[in-house]
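Trainee: Quick one: structure below, then a few questions.
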There are 2 protein chains.
Amino acid sequence: MAALVLHEYAASGNCYKIRLTAAHLGLKLERREYDIMKGETRTPEFLSQVNANGRIPTLQVGTDDFLPESNAACFYLADGSDLIPHDRFERADMLRWLFWEQYNHEPNVATLRFWAKWFGLDNLNPVQRANLPGKQAAGEAALALMDEHLEKRDWFVIDRLTLADIALYAYTHVAEDGGFSLNPYPAVRAWIDRVAAQPGHIPITA
Amino acid sequence: MAALVLHEYAASGNCYKIRLTAAHLGLKLERREYDIMKGETRTPEFLSQVNANGRIPTLQVGTDDFLPESNAACFYLADGSDLIPHDRFERADMLRWLFWEQYNHEPNVATLRFWAKWFGLDNLNPVQRANLPGKQAAGEAALALMDEHLEKRDWFVIDRLTLADIALYAYTHVAEDGGFSLNPYPAVRAWIDRVAAQPGHIPITA
């Protein structure tokens, strides 16, 4: 595989997903840090060379190929490995959880973490403040759906860790940063422990 | 392939994506309609049997397998076909656009269509009203990014139609329903015409 460079903000769960996937696969990533609080991903250089959408993570493959979107980068790294199911329906079902994570989980659980830990909830603008109760409720609904799903299974898709578990772990295991308690979700807590106990696991701070 | 049933609300672009993918592949879908305005996807039966997340579309494969998330359903249908690039990086790059569509495009372009055509903008609740300017701006940004990307290429990922084009076409070609003008985006308009001119194409009303 060509040399891999992760353009990232290390504390972001979306960036951590890619590092965790690479760790499970034994792949080396060079890391390049951008301070999103200082707008370093909105500079003309970043927009023209790394990601026109102005966001991290972006995975650089070799010198010329740039891949934004965290779950697409994880898929690229894991393509052909056991982190992606080999059965057609199960592979699509894994993607289902990746799309669900980006639509139902990340905009709520990750956004509240960002608001609470980086901005401070007292500093939200009026639109953010209007959205706070809805995002809290939607985040709880996402965690409850995960808990129900995990009541009868150890992993999200098949009987081993896949990208669905990695993607959902990234922000779930730090959900308390955003004011969510995991106490009502015992199946989620047990699954978090299972993910963290896997050989090859690395923490978000690594 | 086992019998396919699409649980849907036909006017939804997310449901149309799946029908359009199936049409290109020559696959037959049985269709089952739910009135989302009457809460028919939030009944106990729907939540326990079709999708615990209470949303359409969900693709049923055979009798027991249910696949929510529109782009995952498209991937399932197209897996192994020319609608998905065979090269590893290009395949991930296609997924990049599918994730981008669900995160940056659909919550803005599709949501404004829904608010404008189904609710009426005068009937928005205070939280929706607070979000209106931000969603209008984010929708314009998504269309502008697409236009810039298409200035130098005919299709989103490789030199033919892929699921990225199908997924992005679904809500872009009806963006005017949500109050977006496509006049500032000539490359998008030319691409819309190219998608609609492909053999096997069907309209959203089919």
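Trainee: Would you grab the residues whose amide H sits under 5 Å from the one on B:Ala11? Only those 5+ places off in sequence or on another chain, please, with H modelled 1.01 Å from N.
Mentor: Close amide H contacts, sequence-distant or interchain: none at all.
Trainee: Inter-copy label distances at A:Asp193, 7 Å along the Cα→beta-carbon direction, one decimal in nm, shortest first?
Mentor: Label-point separations across copies, in nm and ascending: 6.3.
Trainee: Using a label point 7 Å beyond Cα on the Cα-Cβ vector, give me the inter-copy distances for A:Leu182 in nanometres, one decimal, shortest first.
Mentor: Distances between equivalent label points, in nm: 4.6.
Trainee: Taking θ = phi - 60°, what integer Hz values does the Karplus form 6.51 cos²θ - 1.76 cosθ + 1.60 yield along the range B:62-75, in sequence order, with x for Gly and Pro?
Mentor: Once θ is set to phi - 60°, the couplings for the range B:62-75 become x, 9, 10, 9, 10, 10, x, 6, 3, 6, 5, 5, 4, 4 Hz.
Trainee: Continuing with this model, one more query. May I ask you to derive the FRET efficiency for A:Ser181 and B:Phe89 from their Cβ-Cβ distance with R0 = 56 Å, giving the value to the nearest 0.05?
Mentor: In this case the efficiency is close to 0.85.
Trainee: I've got another one for you. What residue of chain B sits with its beta carbon nearest the rotation axis taking B to A, and at what distance in whole Å?
Mentor: Per the B/A rotation axis, the closest residue of B reads B:Ala130, 2.
Trainee: Against the 2.2 N^0.38 Å scaling, with N counting residues, where does chain A land? I'd like the Cα-based Rg ratio to two decimal places.
Mentor: Chain A yields a ratio of 1.02.
Trainee: Given 5 Å bins starting at zero, what is the percent of C-alpha pairs of the range B:4-78 in each, up to the one with the largest pair distance?
Mentor: Spelled out bin by bin, the range B:4-78 gives 3, 18, 31, 27, 14, 6, 1 percent.
Values quoted throughout were computed directly from the atomic coordinates according to the rules given, and no laboratory measurement underlies them. Because the structure is predicted, anything quoted here is derived from the model rather than measured. Every residue, glycine as well, gets a Cβ built from its backbone with ideal geometry; the counts of neighbours run over all protein chains shown.
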